[in-house]
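These notes concern the structure reproduced below.
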Protein chains: 2
Amino acid sequence: MLSKDINRRPIGVFDSGIGGLTVLRDIAATLPNEDTIYLGDTARVPYGSKSRETIIRYAREVAYFLVARQIKLLVVACNTASAFALDELRSTLDVPVIGVIEPGARAAVRATKTGRVGVIGTEGTIRSSAYCKAIKALNPAITTFTQACPLFVPLVEEGWAGDEVTAVIAARYLSGLKTHDIDTLVLGCTHYPLLKDTIASVMGPDVRLIDSAEATAEEVLRVLSANGLANPGGKSASHAFFVTDSPERFLTVGSRFFGPGLEKAALAAVGA
Amino acid sequence: MLSKDINRRPIGVFDSGIGGLTVLRDIAATLPNEDTIYLGDTARVPYGSKSRETIIRYAREVAYFLVARQIKLLVVACNTASAFALDELRSTLDVPVIGVIEPGARAAVRATKTGRVGVIGTEGTIRSSAYCKAIKALNPAITTFTQACPLFVPLVEEGWAGDEVTAVIAARYLSGLKTHDIDTLVLGCTHYPLLKDTIASVMGPDVRLIDSAEATAEEVLRVLSANGLANPGGKSASHAFFVTDSPERFLTVGSRFFGPGLEKAALAAVGA
């Protein structure tokens with residue numbers, strides 16, 4: 001895995017839709033030499049309400065699409081797929097596979113001083129207890145408190161991340177967690193980094209926010225270095241985008257997640 | 001089609017998920033003698049972002065499931081499926097098929113005096129222009145104004161229909177329509193009847209709200225009568241529920257839509 005050829009291959013990133021673009025954005029910022037290929041499985045979004053078996057099948061199909069494009073590392077930038085399909089992908093693919101849950105859990109365990117950690121996410125992620133299990137596996141002494149915030153994703157997709165309505169809704173969702181005296185809060189959904197300022201102002205300066213997207217980008221940096229896979233650079237990095245349904249909405253809404261540089265997305269035939 | 005046997009058969013109602021339960025509720029209220037079978041295609045929700053071909057395939061699979069259960073009439077209680085699959089279902093099934101768009105459009109055309117009609121719905125329904133086309137087909141002199149309200153569905157599913165946050169969001173979404181001096185507003189989404197009070201108080205007493213669910217129930221009444229298919233009654237009506245993914249969330253959230261009587265739902269193998 002040390003040949004120059006492999007080093008220059010792209011990183012593959014996939015999500016059920018748009019949210020994983022926050023992870024991609026942090027990867028691009030943390031690793032400016034790396035080319036990436038992103039796939040949003042927009043024809044089959046959301047994954048959260050589907051069964052474990054279905055998620056594993058979807059994840060396998062998407063991973064094969066990216067592996068066929070010669071990626072050197074796969075990032076599963078989707079909480080549901082990270083919770084259900086990571087073991088399967090790791091056992092069948094011959095590239096390193098990184099999910100979003102383990103890096104977020106590790107960062108939370110490192111950050112907490114009081115051992116009282118909150119986790120917010122979609123209904124599906126919270127019901128799966130994936131973050132709590134990952135945190136407990138690292139340190140069983142930590143107490144976790146959870147809150148599903150179902151309106152956060154549609155609010156972000158509507159472009160209302162900085163809106164006063166969103167601040168009111170955030171205050172309501174987070175009021176329970178505030179009574180539990182946590183010192184660390186995991187943003188357990190790839191959409192939530194866009195709400196970081198709002199959530200921070202509700203929780204106050206004593207609560208450390210853990211951004212899973214950021215933590216995942218740092219994990220990618222570590223794994224590339226450890227495997228001697230980092231791109232030595234020398235030309236500006238390229239970012240390619242694929243979707244499984246009409247690119248229109250992906251481009252409009254996705255720009256708020258990724259910023260400039262998301263101008264076109266090709267249609268990918270995955271699991272058709 | 002006049003045998004007593006056929007009259008006593010149930011009405012089939014389907015939707016991509018939970019929203020169609022408002023249509024079912026109005027059918028049950030308007031036609032208290034009728035048995036019903038409801039199918040929510042919760043494994044494949046939402047339909048709104050999927051292609052025409054996919055929607056037609058889904059609708060056909062769901063319709064066959066219901067027809068195999070001896071329904072005497074099919075209600076497509078889903079805006080997307082009504083827009084894309086109605087012709088296909090009508091040409092292949094030998095029972096009457098009623099969608100939600102035509103009844104809503106007809107009621108709006110009857111109600112308007114100024115010829116200025118507003119339509120609200122999901123992004124997909126508004127983009128499809130299905131209501132505007134149906135209204136124009138009935139009366140080309142009517143001017144239509146549209147507004148997508150993407151947060152209404154998640155707000156209703158969160159149980160915040162009567163909440164002050166929802167009132168603030170409704171006021172914002174509807175402010176544009178208010179400047180257009182409409183006298184009639186079509187609630188073009190099966191979730192919106194739960195927001196009727198909020199929307200009415202934003203629009204004021206001079207705007208008549210058209211509830212597609214109500215209009216569809218009245219259409220079912222008319223078609224059953226015209227075809228001599230009404231159930232003569234004599235026993236209390238039964239309502240059976242099927243879903244294509246885990247019933248848990250359907251039952252919790254669905255109760256807010258249908259009211260008491262939604263206690264269990266069976267898993268249907270559709271398009272597996």
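The values are calculated or read from the model by the stated rules, or taken from the named source; none is laboratory data. Small disclaimer: the values here were computed from a predicted structure and weren't measured. Note that we place each Cβ from the backbone using ideal geometry, even for glycine, and neighbour counts take in every protein chain shown. What goes into the accessible areas is simple: the full protein's heavy atoms, side chains included, and nothing from ligands, DNA or RNA. Shrake-Rupley method; radii C 1.70, N 1.55, O 1.52, S 1.80 Å.
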Requested in this report: Check whether at least one residue in region B:202-224 is surrounded by fewer than 19 Cβ atoms within 10 Å (Cβ to Cβ), more than 14 Å from chain A (Cβ to nearest Cβ) and of a type in the set (S, T, N, Q), and report yes or no.
Outcome: no
Query raised in the report: Hey, any hits in region B:232-244 for a residue that's in a helix (DSSP H, G or I), open to solvent by 40 Å² or more (accessible area, probe 1.4 Å), of a type in the set (Gly, Ala, Ser) and away from chain A (no Cβ under 14 Å)?
Result: no
Query raised in the report: Out of (1) touching a residue at least 60 places away in the same chain (Cβ under 8 Å); (2) crowded, with 21+ Cβ neighbours inside 10 Å; (3) outside any strand (DSSP E or B), the odd one out for B:Ala59 is which?
Result: (1)
Report summary line: Apart from one, (1) open to solvent by 30 Å² or more (accessible area, probe 1.4 Å); (2) touching a strand residue (DSSP E or B) at 6+ places or on another chain (Cβ under 6 Å); (3) of a type outside the set (A, V, I, L, M, F, W, C) all hold for B:Glu102; the odd one out is (2)
Report task. Could you look through region B:168-193, keep only residues that are farther than 22 Å from A:Val168 by Cα and assigned to a helix (DSSP H, G or I), and pick out the one that is farthest from the chain's Cα centre (by Cα)? Result -> B:Thr179
Query raised in the report: Just wondering, is there one or more residues in region A:17-35 that are open to solvent by less than 30 Å² (accessible area, probe 1.4 Å), within 12 Å of chain B (Cβ to nearest Cβ) and among the acidic types (Asp, Glu)?
Result: no
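Here is a yes/no grid of residues against (1) of a type in the set (D, E, K, R); (2) closer than 30 Å to A:Leu73 by Cα:
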position: A:Ala167; (1), (2): no, no
position: A:Arg172; (1), (2): yes, no
position: A:Leu177; (1), (2): no, no
position: A:Val207; (1), (2): no, no
position: A:Ile210; (1), (2): no, yes
position: A:Ala215; (1), (2): no, yes
position: A:Ala230; (1), (2): no, yes
position: A:Val243; (1), (2): no, yes
Query - Scan of region A:143-159 for residues that are assigned to a loop (DSSP other than H, G, I, E, B) and at negative phi, ordered by number - result: A:Cys149, A:Pro150, A:Leu151, A:Glu158
Query raised in the report: Which numbered condition trips up A:Ser236, out of (1) small (Gly, Ala, Ser); (2) out of contact with any helix residue (DSSP H, G or I) (no Cβ under 8 Å at 6 or more places or on another chain); (3) on the phi > 0 side of the Ramachandran plot?
Result: (3)
Query raised in the report: Of the residues that sit in region A:159-193 and are open to solvent by less than 20 Å² (accessible area, probe 1.4 Å) and of a type in the set (S, T, N, Q), which one is nearest to the other protein chains (Cβ to nearest Cβ)?
Result: A:Thr166
**Report entry** Residue list for region A:217-271, filter: among the β-branched types (Val, Ile, Thr) and touching a residue at least 12 places away in the same chain (Cβ under 8 Å)
**Finding:** A:Val220, A:Val223, A:Val243, A:Thr244, A:Val253, A:Val270
Query raised in the report: Counting only residues that are of a type in the set (Ser, Thr, Tyr) and surrounded by 17 or more Cβ atoms within 10 Å (Cβ to Cβ), which one in region A:118-142 is nearest to the other protein chains (Cβ to nearest Cβ)?
Result: A:Thr122
Report task. List the number of the failed condition for B:Asn79; all other conditions in (1) open to solvent by less than 40 Å² (accessible area, probe 1.4 Å); (2) farther than 22 Å from A:Ala43 by Cα hold. Result -> (2)
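Hey, any hits in region B:38-47 for a residue that's more than 12 Å from chain A (Cβ to nearest Cβ) and either outside any helix (DSSP H, G or I) or out of contact with any helix residue (DSSP H, G or I) (no Cβ under 7 Å at 6 or more places or on another chain) (or both)?
Taking region B:38-47 and keeping what is more than 12 Å from chain A (Cβ to nearest Cβ), we get B:38-39.
Then drop every residue that is not either outside any helix (DSSP H, G or I) or out of contact with any helix residue (DSSP H, G or I) (no Cβ under 7 Å at 6 or more places or on another chain) (or both), which leaves B:38-39.
Taking every residue of region B:38-47 in turn, at least one turns out to be more than 12 Å from chain A (Cβ to nearest Cβ) and either outside any helix (DSSP H, G or I) or out of contact with any helix residue (DSSP H, G or I) (no Cβ under 7 Å at 6 or more places or on another chain) (or both).
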